[in-house]
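Written below as structure tokens is the structure these notes are about.
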Amino acid sequence: MRGLGVSGKARLNSPRFPFRAINIAVLLSLVVIVQTGCQTKPKEAAAAAAKPAAPSKVEKMPGEADLTTITLTPEAETRLQIKLGTIEAKNVVRTRVVGGEIMVQPGHTFIVSSPIAGTLYAPTGGLPVAGTRVKKGQVLFNLVPLLSAEARATFATTRVEAQGQVEQTSKQVDQAKQQLERAERLYQQKIGGSGAVEDFRAALEVAQATYKAATTRRDAIDQAIKGAEGGALESVPIAAEGGGILRNLHVAPGQKVAAGSMLFEVVNLDPVNVRAAVYVGDLDQIDDSLPAGVGDLTGGPTAKVVSAKRVAAPPSGDPIAATVDLFYEMPNTDGSFRPGQRVGVNLPLKTTKSSLTVPRASLLRDIDGGTWVYESLDKHKYARRRVRVESVVGEVASISAGPKAGTKVVTDGAAELFGVEFGGSK
């Protein structure tokens with residue numbers, strides 16, 4: 001038994017005894033748990049500190065209506081020089097758009113012919129090409145007379161003929177002036193119409209142009225006769241009888257021409273006439289006392305529109321299309337309208353209707369064809385609103401949909417606001 005006790009005690013103190021190994025494992029586990037807990041608490045604290053606190057107030061999120069709103073600084077609004085107009089409800093004249101054609105006015109085409117036989121030479125500054133603008137009295141050719149025996153023999157006859165044309169055209173001018181004065185008196189007394197006044201005014205312009213051409217031809221013949229008698233050939237300047245566009249050149253420098261040969265043609269395109277083709281069923285609805293609006297064929301609200309007044313002209317029409325022609329006169333200072341150009345003519349009707357109207361200067365058109373205006377919401381604040389345009393008459397546009405009457409809209413500066421909104425301006 002003693003041997004056995006000694007042997008048991010030795011086994012208890014042996015490092016390979018299972019209970020001692022268990023105690024060591026338990027201690028190691030406790031150390032790991034403590035270290036893990038110490039490392040986890042700082043991470044949780046850092047995460048809790050990084051987490052934002054709950055907001056005390058929720059801001060309103062911007063909606064779709066806010067995307068078309070612009071707020072300017074006072075300096076930017078002063079720099080843009082913004083002005084406002086008002087949407088109004090009033091009676092507007094109804095209109096109808098028809099096709100039209102630009103035409104040269106009667107008496108505004110100047111055809112210059114050679115007064116005598118001779119040889120043509122270019123002037124010192126050179127001969128202008130067709131299509132360029134020339135001034136009244138500008139010399140386009142110098143004509144050196146031909147002193148052949150036949151030409152000398154016909155000088156006297158040609159001079160008498162030229163003098164007769166001058167006297168005849170002078171009487172035509174006097175007669176046209178008297179007829180115009182009489183028509184104007186009748187129109188002022190409300191006995192005659194405005195159509196007769198325009199007819200006689202056009203006839204007077206034609207007579208004056210013919211008289212001037214005859215006078216120029218007679219003076220050129222006198223100069224040639226004087227040079228032939230003195231033995232010196234002086235060139236005769238051939239100048240434009242009116243300012244305008246050089247449309248045709250029928251001769252070239254160095255060419256010999258006979259008396260009466262056509263040399264060149266000049267057209268005056270300011271003003272011009274517009275021929276509008278109107279369906280015969282709508283003719284009685286057209287108001288002749290109001291001007292028409294002439295623009296491009298698209299008829300857009302932002303397109304250029306020129307006011308044109310009704311003028312008298314020989315009646316004409318198209319029996320196949322069942323249309324008759326109405327003629328209007330309009331200015332063409334910048335030369336943007338050309339003969340033969342197709343245009344849209346906005347004809348006023350005799351009936352009116354109540355509609356909302358906006359200033360034409362406030363209208364804007366986007367890339368998709370939508371029409372907009374900028375409404376003034378508050379000080380320095382503007383919102384883009386969609387409108388639907390029915391017609392444009394002068395400086396006012398009639399709309400069928402858009403802001404209500406009394407709304408203030410931007411007129412001057414609307415295009416700049418459009419550029420600010422879409423990034424095209426600063």
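The values are calculated or read from the model by the stated rules, or taken from the named source; none is laboratory data. The structure displayed is predicted, hence computed values, not measured ones. With ideal geometry, Cβ positions are generated from the backbone for all residues, glycine too; neighbour counts draw on all protein chains shown.
Given Lys171, Lys177, Lys136, Lys83, which one is of a type in the set (Lys, Arg), farther than 30 Å from Gln285 by Cα and in the same structural domain as Lys404 (by TED's automatic domain parsing)? Checking each option against the conditions leaves just Lys83. Only one of the listed residues (Phe337, Phe327) is modelled with pLDDT of 90 or more and either assigned to a loop (DSSP other than H, G, I, E, B) or β-branched (Val, Ile, Thr) (or both). That residue is Phe337. Only a single criterion out of (1) basic (Lys, Arg); (2) closer than 29 Å to Ile286 by Cα; (3) free of Cβ contacts under 8 Å to residues at least 40 places away in the same chain is not satisfied by Arg386, namely (2). Scoring Ala224 on the criteria (1) modelled with pLDDT under 80; (2) surrounded by 20 or more Cβ atoms within 10 Å (Cβ to Cβ); (3) more than 26 Å from Lys136 (Cβ to Cβ) leaves a single failure, condition (3). Applying the criterion of being of a type outside the set (A, V, I, L, M) and either assigned to a loop (DSSP other than H, G, I, E, B) or not assigned by TED's automatic domain parsing to the domain that holds Tyr279 (or both) to the residues of region 312-324, the residue that is modelled with the highest pLDDT is Pro319.
Restricting attention to region 362-382, the residues that are in contact with a helix residue (DSSP H, G or I) (Cβ under 7 Å, 6 or more places away or on another chain) and either among the charged types (D, E, K, R) or surrounded by 18 or more Cβ atoms within 10 Å (Cβ to Cβ) (or both) add up to 5. Among the listed residues Asp325, Asp318, Asp366, which satisfies the condition of being more than 18 Å from Gly100 (Cβ to Cβ) and free of Cβ contacts under 8 Å to residues at least 60 places away in the same chain? That would be Asp366, the only listed residue that is more than 18 Å from Gly100 (Cβ to Cβ) and free of Cβ contacts under 8 Å to residues at least 60 places away in the same chain.
Taking region 235-311 and the strands (runs of 3 or more DSSP E) fully enclosed by it, the elements with 3 or more residues that are assigned by TED's automatic domain parsing to the domain that holds Val392 and not β-branched (Val, Ile, Thr) are at 272-279, 292-295, 306-311.
Looking at this structure, is Gly344 in the same structural domain as Glu390 (by TED's automatic domain parsing), within 27 Å of Ala401 (Cβ to Cβ) and either part of a strand (DSSP E or B) or of a type in the set (A, V, I, L, M, F, W, C) (or both)? The answer is yes for Gly344.
Taking the conditions exactly as written (closer than 26 Å to Val97 by Cα and hydrophobic (A, V, I, L, M, F, W, C)), does Val410 satisfy them or not? Criteria not met by Val410. Residue count for region 378-415 satisfying the condition of being under 27 Å from Leu349 (Cβ atoms) and more than 26 Å from the chain's Cα centre (by Cα): 3.
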